[in-house]
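As C-alpha cells, the structure follows; a few thoughts come after it.
Please treat every number below as a calculation from the coordinates, not as lab data. All values reported here derive from a predicted model rather than from experimental measurement. Cβ: placed from backbone, ideal geometry, glycine included. Neighbour counts: every protein chain shown.
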C-alpha cells in the first residue's frame, strides 16, 4: 500500500467553481504517489456569513444550534469537492457526520470541542482505512465533530487544520499538507515586514510559540495531535505541496522537569519608577557572565530576575545598576530551584495551576514565584524542597492525565 497523505484545502483556496476544479486536478495528480484523504474547509467567507446571519437572527442563539449552522459551510464544501473529484474520474467518497464513515468523536463542548483520540483512532482504522486501501479518496468535512451524545460540534478556530492533523495521526500517515493561500510560515508578517522569508523547517515547540504569539497560519490547538514520525507541511498549490514549511516533532502530554542549576531571585528597585528601563543592562550583564535568565518580570518600581548567575557577582551587578544611578537598591534570595510543567494537555485541563500548587501548599512547601510561559508553568521553590515538590506535582498531574484519558 502507498504511504498515506492527508491534504487539507483551506477556504482561501476554495473560492469558486474554478478554484474547486483546479484543486481537484491537483489532488488527482497526487494519487499517483499516495493514498489520499482530503479535508476541506468551508468556501471562502461562508463561515463568517453563516455566523453573522445566525447572530442577526438571534444574538443569544444556543451554542449547539450555532454549531449546527456553522457546520453547514464544511458540509456543503465537502459535497462540492467530492463532485469535482468525481468529474475528474477520481473515486471520491463523501465523509459526513450523517453517514457511516464519520470518524471524529468529541466531548460535548460546543463551539470549541476537543476530539476523543482513542475513539477517533478506532473509527479511522475501521471506516477510513478500508476506503484508502481500496483506492478511494475520502473527502472529510473539516472543523466538525460529533459528540459522544450524537450532537454536531465544531472544533474552534483553525478547526479544519485540527481535523487534518488528527486524521494523519490516527491513520499513521506519512505527511499532512495544509494548503493555504501563502507558501509557508514566514519569519515575520509579510504584510508588515519587508524582507520576511519563508522558514523551511520548524520544530513543533517553535511553531507553537509563533502561533501563540500571534502568527495566524495555524492554530496551536492543531499542533497537539502531531505524533511520531508524522510530518506536517504548510504549503500552497503553487508549490505542489512539496515546498513551504515543514513542522516536525511532537508535544508531550504533560511533562514535569527541574532546572539543573540552583536559582537566585534578584530584585532591583528603580530610581525613576520605570522597572522596564533596567531590563536591557541587566540582561546584558547576566549574558556577559554566562548566566541564564529563567524569568524576568517588570513592575512600576522594580524588576525581578530568576537566574543561575553566581551570587559572587552581586557586587558587580550593584555597581552596574545602583552605583551607576539607574537603580535604587538590590536584594537577592539564593538557593532556589525551578520546576517546569509543559505539554499539550495544559490547554485542555481546567484549573491546572491549582493542581500544580495545591499539593505543595498541603505539604507546607513555599512558592517563591510562579509564571506561565506559552504552554508551560514554571514555579520556583527552595532547592532543598525541589525533589519533593517535583514528585508531588508529577503525582498529582498523573492523576489528572488518568482522569482525562
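So the label point goes 7 Å from the Cα of residue 18 along Cα→C-beta, right? Which residues of region 224-244 then have their backbone N under 19 Å from it?
237-239
Considering the chain as a Gaussian network with a 10 Å cut-off on Cα pairs, which listed residue, 51, 166, 202, attains the greatest mean-square fluctuation?
Maximum among the listed residues: 51.
Just the number, please: percent antiparallel of the DSSP beta bridges in the chain, rounded to the nearest 5. Walk me through the intermediate numbers first.
Numbers: 42 of 70 bridges.
Just about 60 percent of them are antiparallel.
For region 78-136 and region 233-261, write down the distance between their C-alpha centroids in whole Å.
Each part's Cα centre sits 24 Å from the other's.
Report the FRET efficiency, 1/(1 + (r/R0)^6), for residue 172 and residue 201, where r is their Cβ-Cβ distance and R0 is 25 Å, rounded to 0.05.
0.70
So what's the back-of-envelope 222 nm ellipticity for the chain, counting only DSSP H runs of four-plus at -39500 (n - 2.57) apiece and dividing by all residues, rounded to 500?
Details: 12 runs with 136 residues, N = 405.
My calculation for the chain gives -10500 deg cm²/dmol from helical runs alone.
If you build a Gaussian network model of the chain, linking Cα atoms that sit under 10 Å apart, which residue out of 174, 390, 134 swings the most?
134
For labels at residue 277 and residue 322 in the simple 7 Å Cα→Cβ model, what's the distance in nm?
Label-label distance for residue 277 and residue 322, simple model: 1.9 nm.
State, as an integer percentage, the relative contact order of region 4-248 based on alpha-carbon contacts under 8 Å between residues 6 or more apart. Don't jump to the answer; show the numbers that get you there.
Details: 515 pairs, mean separation 52.6, N = 245.
Averaging sequence separation for qualifying contacts and normalising by length gives 21 percent for region 4-248.
Treat the chain as a sphere of radius equal to its Kirkwood radius over Cα pairs and apply Stokes-Einstein at 37 °C in a medium of 0.692 mPa s; give the translational diffusion coefficient in µm²/s, rounded to a whole number. Intermediate results must be reported in sequence, preceding the final value.
Values: Rh = 23.8 Å.
Result for D is 138 µm²/s.
Can you tell me the 0 to 90 degree angle between the C-alpha axis of helix 279-288 and the longest principal axis of the chain, rounded to 10?
The angle comes out near 80 degrees.
Which angle from 0 to 90°, rounded to the nearest 10, does the C-alpha axis of helix 63-87 make with the longest principal axis of the chain?
So the inclination is approximately 50 degrees.
If I stretch the segment between residue 98 and residue 60 completely, what's the gain in nm (0.36 nm per residue apart, minus their alpha carbon distance), one decimal? Mind dumping the intermediate values first?
Numbers: separation 38, 0.36 × 38 = 13.68 nm, distance 2.68 nm.
This chain segment gains 11.0 nm when fully extended.
Taking 0.36 nm per residue of sequence separation and subtracting the Cα-Cα distance, how much length would be gained by fully extending the chain between residue 118 and residue 262, in nm to one decimal?
On the way: separation 144, 0.36 × 144 = 51.84 nm, distance 4.08 nm.
The span from residue 118 to residue 262 would gain 47.8 nm if fully extended.
Find the relative contact order for region 237-362 and round it to a whole percent, using C-alpha pairs within less than 8 Å whose residues are 6+ positions apart. Could the numbers behind the result be given before it?
Details: 184 pairs, mean separation 46.5, N = 126.
Over region 237-362, the number comes to 37 percent.
Compute the separation of the alpha-carbon centres of region 151-210 and region 290-320 and state it in Å as a whole number.
37
Cα axis of helix 159-170 to longest principal axis of the chain: angle in degrees, 0 to 90, nearest 10?
Computed tilt is about 90 degrees.
Find how much the distance from residue 2 to residue 191 grows on full extension, using 0.36 nm per residue of separation minus their present alpha carbon separation; answer in nm with one decimal.
On the way: separation 189, 0.36 × 189 = 68.04 nm, distance 3.94 nm.
Roughly 64.1 nm would be gained on extension.
From Cα pairs below 8 angstrom and at least 6 apart in sequence, can you work out the relative contact order of region 179-310, rounded to a whole percent? Display every interim value, and only then the final one.
Values: 211 pairs, mean separation 28.4, N = 132.
Value for region 179-310: 21 percent.
Once R0 is set to 56 Å, what does the formula 1/(1 + (r/R0)^6) return for the Cβ-Cβ distance between residue 370 and residue 242, expressed as a FRET efficiency to the nearest 0.05? Before the final figure, lay out the partial values.
Numbers: r = 45 Å, r/R0 = 0.80.
The pair residue 370/residue 242 has a calculated efficiency of 0.80.
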